[in-house]
Structure formats: C-alpha cells, structure tokens
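One structure is given here, and the rest of the page talks about it.
The values are calculated or read from the model by the stated rules, or taken from the named source; none is laboratory data. Worth saying up front: this structure is predicted, and the values here are computed from it rather than measured. Ideal geometry is used to build each Cβ from the backbone, glycine not excepted, and the neighbour counts take in all protein chains shown. Surface areas here come from the heavy atoms of the whole protein model, side chains and all, with no ligands, DNA or RNA. Shrake-Rupley method; radii C 1.70, N 1.55, O 1.52, S 1.80 Å.
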Amino acid sequence: MTNELLNELTFFVLAIFVGFEVISKVPTILHTPLMSGTNAIHGIILVGAILSAAGADSPVTVVLGLVAVILATTNVVGGFVVTDRMLEMFKGRQAAKK
Amino acid sequence: MRSLRCSAAPSICAAWPPNLSPKARAVTVVIALAYLLAAVLFILGLKQLSSPKGARNGNFTAAAGMVIALGATVPLLHFTKAGLEITAVGLVIGTLIGTVGARMVRMTAIPQMVALFNGVGGGAAALVAVAELLKFGVHPPFAEVFPSVFSIVIGSVSFAGSMVA
C-alpha cells in the first residue's frame, strides 16, 4: 500500500519536471493553444470517471458517476476541438491573432 | 499489497485478482504498456505544440494518446447495470456539449471557453475523488485519502475559479 503511494509520488515528481521542460521556450503566440491543449490532456480524468461510473451501485455513486463522465467528456472533446480551432489559423507561417 | 488495495476498492481492482491466468496477466501487461504509450504521446504532442509548424499535429498526437488511454481502459471495466447506462449516456452528452460549445463560440470568447472546459474537468476530478472515497465507508486507508482530498480541493477550486472567469 505504501509502496504504491511511493511509486505514484515518484511519477508525480518526475512528471512535474517533464511538464516544466516541455512547456518552456514556447513562442508567445502559441501560449493560448498550448494552454488549451494541456487542458484537453488533463481530461484524462475521463479514464477515472469511467472506471468510477462503471461500478456505480448506489444512487449517490450513480449521480456522481454520470455527472463526472459528462463533465470529463466535455473537457476532453471540447478541449481538443477548441484547440484545433485555434490552430487552424497556423498554416506553416504564423497567422497572428486576427 | 495489491490484494490489500483491491479488497478495499473492488470496483476498480476487480480486473486484478490475486490469481491471474497467463492470458489475464498478458492483458494487464498490454494495458499498462498502452497507458505508457498514451503518456508518451501526450508529452510528444505538447512538444510539437511548442512550435508553430508542428502545433496542429501536436494536437492530433495528444488526441491520439487520449483515444489509446480510453481504449486501454475498456478491458478493465466491470459494469453494473446502471454503470453501463450512465457511462454511455454521459459520454454522448459530454461529446455533444463539448463539440457544440467548441464550434459555436466566437473567436473572441475562446479563452473563456477554455477556462470553462478546464473548470469542468476539475469538477469531474473532485466528483471522482468523492465517489471513490465513499466506497471506503467510514475509515478509508490513508493512501486513498491523501490523493482524494488533494483532488477534491484542486478540482473544486479549479471549477469555482473557472466559473468566475
């Protein structure tokens, strides 16, 4: 049990470093799409929501599960679609904010 | 250790019984590798997002990672009757709201939309943490309490903050 927590803590700390490095030195014009893209990625909570909702057995967990899946799916789908909308403007050269 | 955790959270850990047949063991290995691939695709996608030329591909790469992660979850699922319905309904409704919202919003309102999506994601995290904590009854083990409370706090703050924004 504690071993598991320590493993997860390790991943957490390393992930922080990876995240920091990956988003450094991003041109200003890409800041908003990057924010939107990382937001869509954090919709990975959908995996947790589905796992939780699938096993729903009491009325409370059913409601919680349903709302969680709806919210998480909105985060994922909306996030990727909106990021794509922003990036449509980027055809090779920077198109600037119009 | 794994069996101790699984007796406390049977719904998620039903896929990891102590005695696995070789085939089931292989499946769990594949699933774990699939999640790893998803994580790698997320990181690579973000890397691509940092240059104007590769930015659009970066979004697709990350989306592919998400699809793989969701696909890898399917074998782990053990549906109750209600569970199957709410999962399916929830996915459909969420997709509709997300797609319609993302397409219909004015260009100038996109940052607010992003904040909104971020907020609901945080809300989802808080709800999942609450649901999982509830499964443990009155005295949850500490290993479960810590990340759950963390999620609940961060998720709720994210949700509330995004509503204000």
Give the calculated FRET efficiency between A:ASN7 and B:ARG106 to the nearest 0.05, with a Förster radius of 45 Å applied to their Cβ-Cβ distance.
0.50
How long are the three semi-axes of the equivalent ellipsoid of chain A, in whole Å, if each is the root of 5 times an eigenvalue of the C-alpha gyration tensor, listed from largest down?
33, 22, 7
Solvent-accessible area buried by A and B, counting both chains, probe 1.4 angstrom, square angstrom:
6000 Å²
Modelling each spin label as a point 7 Å along the Cα-to-Cβ direction, I'd like the B:ILE154/B:HIS78 distance in nm, to one decimal.
2.8 nm
Want the number for B:VAL27 to B:ALA88: 0.36 nm per residue separation, take away the alpha-carbon distance, what's left?
19.6 nm
Compute the FRET efficiency between A:PHE20 and B:LEU37 as 1/(1 + (r/R0)^6), taking r as their Cβ-Cβ distance and R0 = 22 Å, and round to the nearest 0.05.
0.50
In square angstrom, rounded to the nearest 10, how much accessible surface does B:MET107 have for a 1.4 Å probe?
90 Å²
Are there DSSP H segments in chain A that both extend 18 Å or more along their axis (alpha-carbon positions) and score a mean Kyte-Doolittle hydropathy of at least 1.0? List them, or say none.
A:2-22, A:59-87
Return a whole-number percent for the relative contact order of chain A, with Cα pairs under 8 Å and 6 or more residues apart as the contact set.
30 percent
Need the full-extension length gain, A:VAL60 to A:GLU88, defined as separation in residues times 0.36 nm minus the C-alpha distance. One decimal, nm.
5.9 nm
